[in-house]
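First comes the structure, then the notes that go with it.
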Amino acid sequence: QVQLVESGGGLVQPGGSLRLSCAASGSIFRIYAMTWYLQAPGKQRELVAGISSGGSTNYADSVKGRFTISRDNAKNTVYLQMDNLKPEDTAVYYCHALGSPHWGQGTQVTVSS
């Protein structure tokens, strides 16, 4: 059983930065590809970024060059560094262990002046 707990969300002005963290319990964290999704109000959940167990990354076109996903297997944690935030990035952000039923509870990110 893997539990995922996100943190780091909040209110930030356009152009600002936030760093989200997702801490995983369980020793099998390192075998999973980890992903971040967002869900804006009234919309479906969509993939933002992913990182394989070996560290390969992929990003949605909308965040390329602004967001960076990383992981620290020693700390069982995956991160999402978000820079140059835009109002359209406002959403609840979830981490997910790809191919598993494990999701975090979500953390709210609001980008507004």
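On the given criteria, is GLU88 of a type in the set (D, E, K, R) and over 25 Å from VAL2 (Cα atoms)? If you could, list the steps in order and put the result at the bottom.
Numbers: of a type in the set (D, E, K, R): yes; over 25 Å from VAL2 (Cα atoms): yes.
Judged against the criteria, GLU88 is a match.
Count, please, the residues in the stretch 33-53 that happen to be open to solvent by less than 80 Å² (accessible area, probe 1.4 Å), in contact (Cβ under 8 Å) with a residue 24 or more places away in the chain and touching a Phe, Trp or Tyr at 6+ places or on another chain (Cβ under 8 Å).
Applying the first criterion (open to solvent by less than 80 Å² (accessible area, probe 1.4 Å)) to the stretch 33-53 yields 33-40, 47-53.
Those still in the list that are in contact (Cβ under 8 Å) with a residue 24 or more places away in the chain too: 33-40, 48-51.
Imposing the further condition that a residue be touching a Phe, Trp or Tyr at 6+ places or on another chain (Cβ under 8 Å) reduces the set to 36-39, 48-50.
Residues flagged as open to solvent by less than 80 Å² (accessible area, probe 1.4 Å), in contact (Cβ under 8 Å) with a residue 24 or more places away in the chain and touching a Phe, Trp or Tyr at 6+ places or on another chain (Cβ under 8 Å) within the stretch 33-53 amount to 7.
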Q) In the stretch 15-25, how many residues are at pLDDT below 95 and outside any strand (DSSP E or B)? A) 1
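Do we have LEU85 as surrounded by 13 or more Cβ atoms within 10 Å (Cβ to Cβ) and under 21 Å from GLN105 (Cβ atoms) here? Don't jump to the end; show me each part of the working.
Working: surrounded by 13 or more Cβ atoms within 10 Å (Cβ to Cβ): yes; under 21 Å from GLN105 (Cβ atoms): no.
Considered against the rule, which asks whether it is surrounded by 13 or more Cβ atoms within 10 Å (Cβ to Cβ) and under 21 Å from GLN105 (Cβ atoms), LEU85 comes out as no.
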Q.
Restricting to the stretch 54-79, name every residue that is open to solvent by less than 60 Å² (accessible area, probe 1.4 Å), assigned to a loop (DSSP other than H, G, I, E, B) and not hydrophobic (A, V, I, L, M, F, W, C).
A. GLY55, ARG66, ASN73, ASN76
Q. Only one of (1) modelled with pLDDT of 95 or more; (2) open to solvent by 30 Å² or more (accessible area, probe 1.4 Å); (3) not acidic (Asp, Glu) fails for ILE28. Which number is that?
A. (1)
Q: Working only within the stretch 80-109, note down all residues that are more than 15 Å from TYR37 (Cα to Cα) and either touching a helix residue (DSSP H, G or I) at 6+ places or on another chain (Cβ under 7 Å) or outside any loop (DSSP other than H, G, I, E, B) (or both).
A: PRO87
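The values are calculated or read from the model by the stated rules, or taken from the named source; none is laboratory data. Fair warning: this is a prediction, and the values are worked out from it, not measured in the lab. Backbone-built Cβ (ideal geometry, glycine too); neighbour counts: all protein chains shown. Surface areas here come from the heavy atoms of the whole protein model, side chains and all, with no ligands, DNA or RNA. Shrake-Rupley method; radii C 1.70, N 1.55, O 1.52, S 1.80 Å.
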